[in-house]
Amino acid sequence: MDKQHLRLLLNGKSAARADVRAAVEAVRSIGHDVSVRVTYEPGDIPRLVSEALRDHEQIDTLVSGGGDGTLNEVVDAALHEVGEDEKLPFAFAVLPLGTANDFASQICLDPDDIPSCLRFAAEAEARPTDIGKVNGCVFVNMATGGFGTRVTSETDPNLKKVLGGAAYLFTGLQRFSELAACEGRIKAEDFTWEGAFLALAVGNGQRAGGGIRLCPKARLDDGFLDLTILPFPSSGRAIDLLTMLLEGGAEGLNSALIERKVRNITIQTQESVQFNLDGEPMNGQSWNIGIQHHRIDFRR
């Protein structure tokens, strides 16, 4: 393979990790260039992405070194710098250094083998990849809403490290007294649904919340978003459904779910709800969601 130049935007929390240093040295040793920029405070990623765009003639791949939120910020910053239809001058890749690493899991990266992940960023094919948008904000992997969103966003990071995916179940059970329906109206092409939902996911990717397969049929390049709705049950089985969702994902709840492949969605809720875009929270009542087909190239 031709020599590649990777620009690694490294979340400052991971800068001292020995495996990251080993990964950079290993990729350089096989003939590729790796330039590293480390974030220190809010606002660093947009500044470093602007620098990468100025240096684009030297860069083949912009690597996001962090979790799903860092990847979201990197791609969002790059797309805001260029015109709506302008092609970005480099591909993207991810070095999975976060807690959940849901997007990395979908493209079969192993967060326990960081040197292999960075080598993959240098040598994998750059494939056309879709991007989702919610009210003008980017998501690479998934947008989620409802009670399950609050569980995943508010779960203690230390608990996640100890218990893994079970941490979300523990948090959900602890907060059972707060379990309440979100009332909303959802419209897409040839589809309208109105009612109370326990959880909602709009997936470009398949997993969120630390590996929970909320949109198991989603593909990153098919030009569609996968909509999954878990209606709030009238039978008092809400905690059972939440438990099943957090333990086994959407595949174990087929009869209870509403699933569609869509390109554009509007959601209106009676009260303000929280949506997470790749784990980054937004609050509101009115949501316009769409897909940008093959908007970026990604090493996967």
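The values are calculated or read from the model by the stated rules, or taken from the named source; none is laboratory data. Quick caveat, the model's predicted, so the values are computed rather than measured. A quick note on method: Cβ atoms are made from the backbone with ideal geometry, for glycine too, and the neighbour counts reach across all protein chains shown. For accessibility, only protein heavy atoms count, side chains too; no ligands or nucleic acids. Shrake-Rupley method; radii C 1.70, N 1.55, O 1.52, S 1.80 Å.
The spacing between region 263-300 and region 17-81, judged by their C-alpha centroids, is 24 Å. Apply the a/c threshold of 1.5 to the C-alpha gyration tensor of region 84-135 and tell me whether it is rounded, prolate or oblate. Because a/c hits 1.5 or more and a/b fails to exceed b/c, region 84-135 counts as oblate.
Determine the calculated [θ] at 222 nm for the chain from helices alone, applying -39500 (n - 2.57) to every DSSP H run no shorter than 4 residues and normalising by the residue count; nearest 500 deg cm²/dmol.
Counting only the DSSP helices, I get -8500 deg cm²/dmol.
Evaluate the relative contact order of region 1-141 (contact order divided by residue number), counting alpha-carbon pairs under 8 angstrom at least 6 apart; express in whole percent.
27
Taking every C-alpha pair closer than 8 Å and separated by at least 6 residues, the mean separation divided by the residue count of the chain gives a relative contact order of 20 percent. Angle of helix 238-248 to the longest C-alpha principal axis of the chain, folded into 0 to 90 degrees and rounded to 10: 30°. Remark: the Cα gyration tensor places the chain in the prolate category, a/c being 1.5 or greater and a/b exceeding b/c. Sorting the segments 49-57, 272-280, 202-210, 289-297 by their mean number of nearby beta carbons within 10 angstrom, highest to lowest, gives 202-210, 272-280, 289-297, 49-57. Return the carbon/sulfur percentage of the accessible area of the chain, one whole number, probe 1.4 Å, all protein chains in place. Answer for the chain is 46 percent, counting heavy atoms of protein chains only. Phi angles across region 28-43 convert, under the Karplus curve 6.51 cos²θ - 1.76 cosθ + 1.60 with θ = phi - 60°, into 3J(HN,Hα) values of 5, 5, 9, x, 9, 8, 9, 9, 10, 10, 10, 7, 10, 8, x, x Hz, Gly and Pro given as x. Rolling a 1.4 angstrom probe over the protein heavy atoms with all chains in place gives the chain an accessible area of 44 Å² per residue.
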